[in-house]
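Below is one structure, written out as structure tokens; the observations come after it.
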Amino acid sequence: MGQYVVDYALGLHAQGYTRLTGRRMLAMVAGFNQWLASNKIGTRRITSIHAKKYWQLRKRTRPNSRSTDRSALFRWLELLRQKGVIPQECPPRLTPCEGLIEEYDRHLAERSLSPGSRATYLPLVARFLATRFRQGPARLSSLHAADVIDYFRHRVKRLSGTRAQSTRTALRSFFQFARFRGDLTVDLGVFVPSVAKWSLESLPKSLPSEQVEEVLASCPRSSAVGRRAYAVLLLLARLGLRSAEVVNLMLDDIDWEKSRITIRGKMNRLDHLPMPADVGQAIAAYLKCDRPRVNTRRLFLLSKAPWSGFQTSSSIHAIVKDALAWAGIKSARKGAHQFRHSLACDMLRRGHLLTDIGEILRHRRPDTTAIYAKVDLLALRPLALPWPGGAR
């Protein structure tokens, strides 16, 4: 298998690994190959189980093991599979409930549900199935309204209001899928209890415009990480993008000639927004100085090898959390969505109408924008009734 080491090393270099890390990973592969030879394991018998055994052996004998040691082995096996040296592995056998969840996920994908929503629904439905059927067959036809009500009643006690509402939505969606699949003749979704949640009950969690500018000014733009963070934060603060929308940005989404950017929103919706000058300059600086030249078309890449695009919104939330720390701002919220709220609240204070805000934030319904009316204190003050017994 040594003839493929050169290809392996070139792959590490293309993914941005340093020479020192590359040497460590190559040494790990060499040790693994020697271990296979000493145990007389032929190439046609090699599986991921052998890689796990060798990695655990290394962890016991060498306390300075790193996370790259494990990835080095599985990258090696993947290369050997591509070359046809070792056989492809069959996927692990799923339990009945796991197979049903996998089919449900494909159903959601076909309905163009966003990856974030699917990631929210699947574990909630999986918990319900595991509680009801354990490891046995998932006989959905045996479910009754009492099973749904009892599960939800006991489960919701340990959940916040938002999480309980998500559980209700996920279960109702799953029962619709079960009817579509032919497992149910009755819509059990109507028996999922409602969760007390009032429309517009909360205020949008936003930062004052002065603090937003402080966060932007505090980015260390002398470093690659700081320049990337500055570009991401400008997209959040100037255009009000959602974190998932920043993650999904591609190089082809930016039209430099028209100063326009294409946003992939919810339900695969495409929107075109004008790109402010400072946003364009920040993205151009990142592309020119810091973004590695790799095959992926993702706009923003990880700062460490392997060079790939952000996988989830948690990467954007981590950037926001670091930026707040750089600025010394203690905010109750650490996520990216507060910049979207901040943009809307600032526009309202500057005299923009709610319809204008809804267009910038790309809301499909006016009711979604109505929550920002609660922060317009000047407009709300004439509506306030006098305090009983107070001055007239």
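Filter the range 334-375 down to the residues that are touching a helix residue (DSSP H, G or I) at 6+ places or on another chain (Cβ under 9 Å), more than 11 Å from residue 240 (Cβ to Cβ) and among the basic types (Lys, Arg) and list them by number.
Answer for the range 334-375, where residues must be touching a helix residue (DSSP H, G or I) at 6+ places or on another chain (Cβ under 9 Å), more than 11 Å from residue 240 (Cβ to Cβ) and among the basic types (Lys, Arg): 334, 349, 364, 365, 374.
Only one of (1) within 17 Å of residue 16 (Cβ to Cβ); (2) within 22 Å of the chain's Cα centre (by Cα); (3) among the hydrophobic types (A, V, I, L, M, F, W, C); (4) not in a loop (DSSP other than H, G, I, E, B) fails for residue 287. Which number is that?
The one condition residue 287 does not meet is (2).
Within 19 Å of the chain's Cα centre (by Cα) and in a loop (DSSP other than H, G, I, E, B): which single residue out of 220, 306 fits that description?
The conditions single out 306.
Filter the range 72-95 down to residues that are part of a helix (DSSP H, G or I) and surrounded by fewer than 15 Cβ atoms within 10 Å (Cβ to Cβ), then give me how many there are.
5
Is it fair to say residue 269 is in contact with a Leu (Cβ under 9 Å, 6 or more places away or on another chain) and surrounded by fewer than 16 Cβ atoms within 10 Å (Cβ to Cβ)?
So residue 269 does not fit the description; no.
Mind counting the residues in the range 311-368 that are in a helix (DSSP H, G or I), assigned by TED's automatic domain parsing to the domain that holds residue 263 and polar (S, T, N, Q)?
The total comes to 4.
Looking only at the range 40-61, which residues are part of a loop (DSSP other than H, G, I, E, B) and farther than 19 Å from residue 74 by Cβ? Steps first, please.
Start the filter on the range 40-61 by keeping residues that are part of a loop (DSSP other than H, G, I, E, B), which leaves 40-42, 46-47.
Hits for the range 40-61 are 40, 42.
Looking for something hydrophobic (A, V, I, L, M, F, W, C), outside the structural domain of residue 50 (by TED's automatic domain parsing) and closer than 27 Å to residue 26 by Cα - is there at least one such residue anywhere in the range 87-95?
So far as the range 87-95 goes, yes, one or more of its residues are hydrophobic (A, V, I, L, M, F, W, C), outside the structural domain of residue 50 (by TED's automatic domain parsing) and closer than 27 Å to residue 26 by Cα.
Between a residue in the range 101-116 that is more than 20 Å from residue 135 (Cβ to Cβ) and any residue that is in a helix (DSSP H, G or I) and of a type in the set (Lys, Arg), which pairs come within a Cβ distance under 6 Å, given they are 6 or more apart or on different chains?
108/118; 114/266
For residues in the range 223-242 being outside any helix (DSSP H, G or I) and in contact with a Leu (Cβ under 8 Å, 6 or more places away or on another chain), which is surrounded by the fewest Cβ atoms within 10 Å (Cβ to Cβ)? Spell out how you get there, then give the answer.
To start, the set of residues in the range 223-242 that are outside any helix (DSSP H, G or I) comprises 223, 240-242.
Retained after the next criterion (residues that are in contact with a Leu (Cβ under 8 Å, 6 or more places away or on another chain)): 240-241.
Details: 240: 21, 241: 27.
In this case the residue turns out to be 240.
Which residues, counting only those in the range 117-134, are farther than 14 Å from residue 164 by Cα and either in contact (Cβ under 8 Å) with a residue 40 or more places away in the chain or in a helix (DSSP H, G or I) (or both)? Before the answer, list the steps.
Taking the range 117-134 as the starting set, the residues that turn out to be farther than 14 Å from residue 164 by Cα are 117-119, 122, 126, 129-134.
Answer for the range 117-134, where residues must be farther than 14 Å from residue 164 by Cα and either in contact (Cβ under 8 Å) with a residue 40 or more places away in the chain or in a helix (DSSP H, G or I) (or both): 117, 118, 119, 122, 126, 129, 130, 131, 132, 133.
Working only within the range 176-219, note down all residues that are modelled with pLDDT of 90 or more and at positive phi.
182
Within the range 291-306, which residues are surrounded by 17 or more Cβ atoms within 10 Å (Cβ to Cβ) and either within 24 Å of residue 242 (Cβ to Cβ) or in contact with a His (Cβ under 7 Å, 6 or more places away or on another chain) (or both)? Even if it seems obvious, please write down each step before you answer.
Start the filter on the range 291-306 by keeping residues that are surrounded by 17 or more Cβ atoms within 10 Å (Cβ to Cβ), which leaves 291, 298-301, 305.
291, 298, 299, 300, 301, listed by residue number.
Please work out which residue is nearest to the chain's Cα centre (by Cα), limiting yourself to the range 330-348 and to residues that are closer than 19 Å to residue 368 by Cβ and without any contact (Cβ under 8 Å) to a residue 40 or more places away in the chain.
The residue in question is 347.
Looking at (1) modelled with pLDDT of 90 or more; (2) buried (at least 17 other Cβ atoms within 10 Å of the Cβ); (3) within 23 Å of residue 255 (Cα to Cα), find the lone condition where residue 278 falls short.
Unmet for residue 278, out of (1) modelled with pLDDT of 90 or more; (2) buried (at least 17 other Cβ atoms within 10 Å of the Cβ); (3) within 23 Å of residue 255 (Cα to Cα): (2).
So how many residues does the range 243-266 have that are within 22 Å of residue 318 (Cβ to Cβ), in contact with a helix residue (DSSP H, G or I) (Cβ under 7 Å, 6 or more places away or on another chain) and crowded, with 22+ Cβ neighbours inside 10 Å?
3
How many of the residues in the range 159-191 are assigned to a loop (DSSP other than H, G, I, E, B) and either farther than 28 Å from residue 370 by Cα or among the basic types (Lys, Arg) (or both)?
6
Confirm whether residue 180 is touching a Gly at 6+ places or on another chain (Cβ under 7 Å) and not assigned by TED's automatic domain parsing to the domain that holds residue 232.
When the stated conditions are applied, residue 180 does not pass them.
The values are calculated or read from the model by the stated rules, or taken from the named source; none is laboratory data. Please read these numbers as outputs of a predicted model, since none were measured by experiment. Here Cβ is always computed from backbone atoms with ideal geometry, including for glycine, and neighbour counts include all displayed protein chains.
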